[in-house]
Amino acid sequence: MKKINTLFTTTVLALATHAAWAQAPAAPQAKDATAATRAANQSARAQMPLGDKQSFEDAKRGLIESATDQLILGPTGRPVWTLKGYEFLSKEDAPDTVHPGLWRHARVNMANGLFKVTDRMYQVRGFDLSNMTIIEGDTGLIVVDPLVSTETAKAALNLFYKHRPRKPVVAVIYSHSHVDHFGGVRGVVNGDDVAAGKVKIIAPAGFMEEAVGENVIAGNAMSRRAMYQFGMLLPRNEKGQVDAGLGKPTAPGTISLIAPTQLIEKPVEKHRIDGIDIVFELTPGAEAPAEMIMYHPQFKVLNMTEIATQNMHNLLPMRGALVRDALSWSKYIGGALQRYGDKSDVMIAQHNWPVWGGDRLQRTLKNQRDTYKFLHDQTVRLMNHGYVASEIAENIQMPPSLSQDWSTHPFYGHLKHNIKAIYQRYLGYYDGNPVNLEALPPAPAAKKTIEYMGGADAVLKRAREDFARGEYRWVAQVTSQLVFADATNQEARTLGAEAYEQLGYQMESATARNAFLQGAAELRNGVPKLPSFVSASPDVIRALPLDMFFDFLGVRLNGDKAQGKTMAFNWHFTDTQQKYVLNLENSALTYMADAQVPNADATLTLSRATLDDISLQKTTFPAALQAGLIVVSGKREKVGELLGMLESFSVGFPMVEPRTPR
């Protein structure tokens, strides 16, 4: 019955960081840039407007106090945030092992501390992946996006109080449903004050469902992939992790969540909060399923939250998610430009740095709008000519009019990945060639491929020759085939790691760089051994609808073990008075809410609080049974039989080598 534990993985960013934040020493196997990589990065350097220093000026404008040496500790005394380790970014010229555009962006992202945006509006940047915006109301403070953890949020607010009057927080605004924009809420407000009506929590419609639900069903896979996306296992150095695009990677502190007391439900709503007028505009389906931008007419400040930051964003995060809508994204930016562009003096976002001046912010909005529209239209154009995703990705380059604007560069997103995401949104994975409906899976396909190519030795010989010519993309592909054909082939792993590494050094996208370098590390060293821990925030677990709990149980069911078995269970939650029927039939778990059946094999009576404690590993199912916290009437053995069919997931599964056969 222990398998009822470890139910959820709800916060991908935090999970990846909790598992890996302690910095590793520089990997001794990391190689220098080859001549081909040096040439590729030199060519990129020649095409970039590196003489444009405006971003550096904007990132430092309004600085009140820097916090480069800030060390934020967690409840156990363990560091949860520091910029130490990034000192190497002080050099202006990019090393050969980092794309010059990414190097510049990573350097600008080092701007940190408390900044004045305009009278009564401030931002704390560089305390987390995201920014905290603080607005001085008539009697208190309005906090927009309290970072990802309570520790960093509290430290950010304390830095503000060091320089400004210590007014109470009277409202918190969640711009959208990603954890780096709500997780630190209990670091700036007390839940009792919210319950008493002293503090408003304002969020876009659908916030709670998306905030607690995005990463539940596929959470384990997303968590593992996030380690590649954010490079949390990589050392901070010129051959390792330099940035995450939106900022430096997130802090592994305490994640919290307080439910909104007010939802923005109409497309556009204007509210006065403690004397501050805010126009809220919903932007669902773009960067997040539940998101909004804000306009502050008194200050002429436009907050684009996360749909217009200082880089091309992800249309499909490498960690995984539902594909985002590039067309709608473009329209939201265009709408903001039309309604607020000529009324704004400053544009801020909840990542990166502001843009000052009406002309400049309008130009930035136009270029951001046109970036997503260009990618959408050109991808769909070639798609309608019959090109498949990989072909389209090779045939689209950003026009010079956009590529000369640093804010359109793919420091967080990745151009080819975004193009493939658009294709996936419309047509899915299938490229129309029937062979791909029944293509062999990676390991058996690799074995046949290597056999057809004359065996591993012959393939390695040619791959080394291609590596010497700088053909790293192909070498990475073919050595991956060798590894999937035989994971013990050390020569293939070593050559593959070196090809991955050179590709990483050439990536302008921080997330693509991180992915290649993490892949190289695992080819050299194997799958990392990750500590076990509770990944989910108690606040998030308690907010999870019971429907999602039962949906996740279905995901954990081993269909082979359940074959031919039929069971039904009544569930009664005493504190919430909710009742469910869980049904096993045809190797599928289904459920009915607000129902009970007379012929159930067993009835489980417990509180929702007990279920939450089991999910958070504060107790176990057997211990709760023994303590009388769960009462089972009927066929108790059937409950044990069901639990024996449920699988637990390990976050340490292979990514660049074959899995052990089941």
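The values are calculated or read from the model by the stated rules, or taken from the named source; none is laboratory data. Everything numeric in this text was worked out from a predicted model, so none of it was measured. All Cβ positions, even for glycine, are placed from backbone atoms using ideal geometry, and neighbour counts span all protein chains on display. Remember, those area values only see protein heavy atoms, side chains included, never the ligands or the DNA or RNA. Shrake-Rupley method; radii C 1.70, N 1.55, O 1.52, S 1.80 Å.
Observations, loosely collected:
- Counting only Cβ charges, +1 for Lys and Arg and -1 for Asp and Glu, the dipole size of the chain around its Cα centre is about 600 debye.
- Net length gained if the chain between Gln577 and Gln338 were fully extended (0.36 nm per residue, minus Cα distance): 81.1 nm
- The order of the peptides 216-227, 487-498 by mean Cβ neighbours within 10 Å, most packed first, is 216-227, 487-498.
- Relative compactness, region 395-497, computed as alpha-carbon Rg over 2.2 N^0.38 Å: 1.39
- Option label - volume of the Cα convex hull per residue in Å³ computed here, alternatives (i) 166; (ii) 190; (iii) 256: (i)
- Using 0.36 nm per residue and subtracting the Cα-Cα separation, the extra length available between Lys561 and Ala627 on full extension is 20.8 nm.
- Highest mean first, the peptides 628-638, 315-325, 345-355 sorted by other C-beta atoms within 10 Å per residue fall in the order 345-355, 315-325, 628-638.
- Protein heavy-atom surface of the chain, 1.4 angstrom probe: 51% of the accessible area is carbon and sulfur, with nucleic acids and ligands not counted.
- Residues whose amide H comes within less than 5 Å of that of Ile276, counting only those at least five positions distant or on another chain, are Asp138 (H built at 1.01 Å from N in the peptide plane).
- The chain: relative contact order in percent, alpha carbon pairs under 8 Å with at least 6 residues between: 16 percent
- Backbone amide hydrogens, once placed in the peptide plane, bring His351 within less than 5 Å of Asn131, excluding anything fewer than 5 places away on its chain.
- Accessible surface for region 137-238, divided over its residues, is 31 Å² per residue with a 1.4 Å probe.
- Expected 222 nm ellipticity per residue - DSSP helices of 4 or more, -39500 (n - 2.57), all of the chain, to 500: -11500 deg cm²/dmol
- In region 396-436, the chymotrypsin sites (Phe, Trp or Tyr not before Pro) that fall in loop regions by DSSP, at most 16 other Cβ within 10 Å: Tyr429, Tyr430
- Using a simple spin-label model with pseudo-atoms 7 Å out from Cα toward Cβ, Gln490 and Glu451 lie 2.7 nm apart.
- Normalised convex hull volume, region 508-662, alpha-carbon set, Å³ per residue: 158 Å³
- Residue (of Ala244, Gly358, Phe649) at the positive-pole extreme of the chain, dipole from beta-carbon charges: Ala244
- Annotation: amide H of Asn237 has no partner in the under-5 Å range at sequence separation 5 or more or interchain, hydrogens built in the peptide plane.
- All alpha carbon pair distances within region 29-108 were sorted into 10 Å bins beginning at 0; the resulting P(r) in whole percents reads 14, 35, 29, 18, 4.
- Each residue of region 238-252 was assigned a 3J(HN,Hα) from its phi angle through the Karplus curve 6.51 cos²θ - 1.76 cosθ + 1.60 (θ = phi - 60°); the sequence is 5, 10, x, 7, 10, 5, 10, x, 7, x, 6, x, 5, 8, x Hz, with glycine and proline shown as x.
- Dipole orientation for region 236-312: of the candidates Ser256, Val268, Pro284, Ser256 has the Cα lying most toward the positive pole (charges on Cβ; Lys, Arg +1; Asp, Glu -1).
- Phi-derived couplings, Karplus 6.51 cos²θ - 1.76 cosθ + 1.60 at θ = phi - 60°, listed residue by residue for region 624-632: 5, 4, 5, 7, x, 6, 10, 10, 10 Hz, with x used for Gly and Pro.
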